[in-house]
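Following: one structure in structure tokens, then a few remarks.
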Amino acid sequence: MILKKALILVFISIFFSSCTPDELQNITDVPLGAYDNGVLILNQGNFGQDNATISYLSNDFTTFQESA
């Protein structure tokens with residue numbers, strides 16, 4: 001019974017000690033590239049072979065470019 005209470009006390013103290021506020025980080029603007037108005041799609045290819053490709057799809061679905 002004492003061991004059970006001690007374990008509960010340890011877990012509660014770990015829980016409260018780990019809940020400290022994170023430091024604020026300075027977020028700077030990321031430079032945008034040629035593919036900023038869409039998504040890049042990774043095509044894995046076959047297992048164990050190096051035939052993966054990457055494709056680009058625009059946000060409005062009008063442009064699809066293979067092997068971007």
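The values are calculated or read from the model by the stated rules, or taken from the named source; none is laboratory data. Just so we're clear, the structure is a prediction, and the values are computed from it rather than from any experiment. When we count neighbours, we look across all protein chains shown, and the Cβ atoms used for this are built from the backbone with ideal geometry, even at glycine.
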- Message: Suppose we filter Thr20, Thr63 for residues that are more than 20 Å from the chain's Cα centre (by Cα) and at pLDDT below 80; which single one remains?
- Response: Thr20
- Query: Can you spot a residue in segment 42-53 that is surrounded by 10 or more Cβ atoms within 10 Å (Cβ to Cβ), assigned to a loop (DSSP other than H, G, I, E, B) and not hydrophobic (A, V, I, L, M, F, W, C)?
  - Reply: yes
